[in-house]
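Quick note: the coordinates plus some simple rules give every number you see, no bench work behind them. Fair warning: this is a prediction, and the values are worked out from it, not measured in the lab. Don't worry about glycine lacking a Cβ; one is built from the backbone with ideal geometry, like all the others, and counts go over all protein chains shown.
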Amino acid sequence: MSKPIYNRVILKISGEALAGDKHFGFDNDVIGEVTDAIIDTVKLGVQVGILVGGGNFWRGRDGKEMDRTTADYMGMLSTVLNALALQDALEHKGMETRVQTAIEMRQIAEPYIRRRAVRHLEKGRIVIFACGSGNPYFSTDTAAALRAAEIEADAILLAKNVDGVYNADPNQVSDAKRFDEIGYLDFINRGLSAMDTTAVTLCMDNHIPISVFSLAEPGNIVKAVMGEATGTLIR
């Protein structure tokens, strides 16, 4: 049997993807399928850290009449809802997990401490990172790149509600073409939006490949760690 090509990964899950067709809140069927795929990945011997977005409840840019910093902090807090939902679903299936937050809330989660996070991963626990980087003006994509660099992850698995990186928005352009692979600089120079520029630059500087795929097919998580084509590889 072939082995995973990655030993330790950050799985970045968009909040919108967790909402499924509801487009708001949780879709329990989606969460069930996603957690099953995460468990299958862990059983392959891969250490999994998860960084989850909060767009199924709030996006900072939705607060147009609001102070940007306040809107971003609200977005960070929304990621905690998703982190706790994933933790509960995983633990109901017998997995050991830890939620770590960049904004301290000790009654429900650990504060983010890099060495503690790495130790949890080494013990086979799934670590779920919430509250992004803890700073306004930085997306959860950038937080995923930051955590990946800090814990020395081999790759970022970017699970979205689209199946890869396109040269145009596939929801608006019918003949948009998907890239099987694209370089960091090419991605940045084309102004593509599957991941923000700051995050891609951070991954480029730290030589962290990014596998972009659709969460509508949760089996893509396992395929990605096995090195199978799932969507687009940015490297």
Task: Among LEU185, LEU18, LEU215: highest mean-square fluctuation, GNM of the chain, C-alpha pairs under 10 Å - done: LEU185
- [ ] Excluding residues on the same chain fewer than 8 positions from LYS64, give the aspartates and glutamates whose Cα lies under 14 Å from its Cα.
- [x] ASP72
Open item on the list: Apply the Karplus curve 6.51 cos²θ - 1.76 cosθ + 1.60, θ = phi - 60°, to the phi angles in the range 125-134 and return the couplings in whole Hz, x for Gly and Pro.
Closed with: 7, 8, 9, 10, 9, 10, 6, x, 8, x
Open item on the list: Less than 20 Å apart at the alpha-carbon level, and either on another chain or at least 8 residues along: which lysines does that give for LYS93?
Closed with: LYS43, LYS123
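Can you say what percent of the DSSP beta bridges in the range 8-234, counting only those with both residues inside, are antiparallel? Round to 5. List each step's numbers first, then the result.
Details: 5 of 33 bridges.
Restricted to the range 8-234, the bridges split so that about 15 percent are antiparallel.
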Task: the range 130-173: chymotrypsin sites (Phe, Trp or Tyr not before Pro) in DSSP coil with no more than 12 other Cβ atoms inside 10 Å - done: TYR137
TODO: Taking only Cα atoms and a 10 Å spring cutoff, compute GNM fluctuations for the chain and point out the largest among LYS64, LYS223, LYS123.
DONE: LYS64
Open item on the list: Helix check for the chain. Which DSSP H runs span at least 18 Å along their own axis by Cα, with a mean Kyte-Doolittle hydropathy no less than -0.5?
Closed with: 28-43, 68-92
Open item on the list: Please give the charge dipole size of the chain, origin at the Cα centre, charges +1 on K and R Cβ atoms and -1 on D and E Cβ atoms. Round to the nearest 20 debye.
Closed with: 660
